[in-house]
Structure formats: structure tokens, C-alpha cells
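The values are calculated or read from the model by the stated rules, or taken from the named source; none is laboratory data. The model shown is predicted, which means the values in this text are computed figures rather than measured ones. So basically every Cβ, Gly included, is an ideal-geometry build from the backbone, and we count neighbours across all protein chains shown. Note: areas computed on protein heavy atoms with side chains; ligands, DNA, RNA excluded. Shrake-Rupley method; radii C 1.70, N 1.55, O 1.52, S 1.80 Å.
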Amino acid sequence: AAGVPARGRALIAKLLVDVPNAATSRSLQAGLVWIDAELLLAEGKTREAIARFRAAMTGSDGGASGLTPRAYFGIARSFDKAQQPDSAMAYYERYLAIEPAVRWGGLNDPIALAATQKRLGELYDAKGERTSAIKHYDAFVTQWKDADVELQPTVASVKKRLTELRGMEGK
């Protein structure tokens, strides 16, 4: 996520040396697959990332791993990076359809919700689907209304576009 996948790979390699049973630990296997998917995405290998995000949804016992929400978010970003906006939108929407308390491991969605709402606003806006763009931009602005000062320019930019879109609705 920081744009330094080689460093991420080095840290995972160190983990596997420092904690020898990490690679075979049932509780860590899906998480390691998810991390690999994130690294592949950072490397621009979107097809491989999508496959690994999908694999992360299944635990080593064949059941659900609990990472489906994170995987949907990762798949959406992978399709987005691969310039496949319709597929990206479908997975961002799947992500939002998951119960809020479940979306990010019960952590109140601190990472993906705002990014998802903003990006969906942009994608719908680009397609000329104003009503959906407004819905997602508005959700983003509401969530970030009290964001830190350094983030307020982003909020202001989205608010400006929201005002423009709302003005077009009356035409």
C-alpha cells in the first residue's frame, strides 16, 4: 500500500524466518495470501492480484477465511488499476453491501469505506450517472466532514464536484 512492494516482500520473508510455523499456521495462511495479493497489486500485477484476493477468501480448511470484505476491496482496486471500471464498480458495490460491522474485521471500516465511497463517486461521475455519483460523493463528504486539516482539500474538492452535480440535476 505504501508503494514499496519489495520492502513488503522482505518483511514477509523475515516473518517466515523469525516465525517458522507462520507459513503452515491455519490462522495465518489466508492472511499471508491476502498480503501476497496486496503486494502483487502494488507491483501492478492485477490479474495475479485478483486471483490471490479470491484465494484469500477461503481458509486452509476450505471454509470462509473471514477476509471476504478485504478481498472485495482488493479486487475492486485491482480491476480499477487494470482500467476495468465496470468490474471495479461491481466489487466496490459488493464491498459496501457487506454489513458495516463485518466489513473490516469489526474495526468500523477505518481503511476502505471513505476510499470506496469517493472512488465510486468518481467512477459513476465518469459514466455520467449523476444520481449514483451524488450518493457516493455525499457519503464520502459526510464521513470526512471532520477530517484532519491536511485532508480537508480533498473534502473541499469533492464538495465542489457534488455542488456541480446537484446543480446539473435540476437541468
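Give the range 101-134 a look and list any residue that's over 14 Å from the mean Cα position of the chain (by Cα), loosely packed, with under 15 Cβ neighbours inside 10 Å and touching a residue at least 12 places away in the same chain (Cβ under 8 Å), or say none.
Once the filter is applied, which keeps residues that are over 14 Å from the mean Cα position of the chain (by Cα), loosely packed, with under 15 Cβ neighbours inside 10 Å and touching a residue at least 12 places away in the same chain (Cβ under 8 Å), the range 101-134 yields VAL102, ALA126, LYS127, THR131.
Could you run through the range 135-145 and say how many residues are open to solvent by 60 Å² or more (accessible area, probe 1.4 Å) and over 14 Å from GLU164 (Cα atoms)?
4
Run ILE75 past the list (1) of a type in the set (A, V, I, L, M, F, W, C); (2) at pLDDT 95 or above; (3) open to solvent by 20 Å² or more (accessible area, probe 1.4 Å) and report the number of the one that doesn't hold.
Of everything listed in (1) of a type in the set (A, V, I, L, M, F, W, C); (2) at pLDDT 95 or above; (3) open to solvent by 20 Å² or more (accessible area, probe 1.4 Å), ILE75 misses just condition (3).
Cβ-Cβ distance below 8 Å, separation of 6 or more or different chains: which pairs start in the range 4-20 with a residue that is free of Cβ contacts under 8 Å to residues at least 40 places away in the same chain and end on one that is open to solvent by 80 Å² or more (accessible area, probe 1.4 Å) and of a type in the set (Gly, Ala, Ser)?
GLY8/ALA2
Could you please find all residues in the range 67-90 being farther than 20 Å from GLY31 by Cα and in a helix (DSSP H, G or I)? Let's see the steps before the verdict.
First, the residues of the range 67-90 that are farther than 20 Å from GLY31 by Cα: 79-90.
Matches in the range 67-90: PHE79, ASP80, LYS81, PRO85, ASP86, SER87, ALA88, MET89, ALA90.
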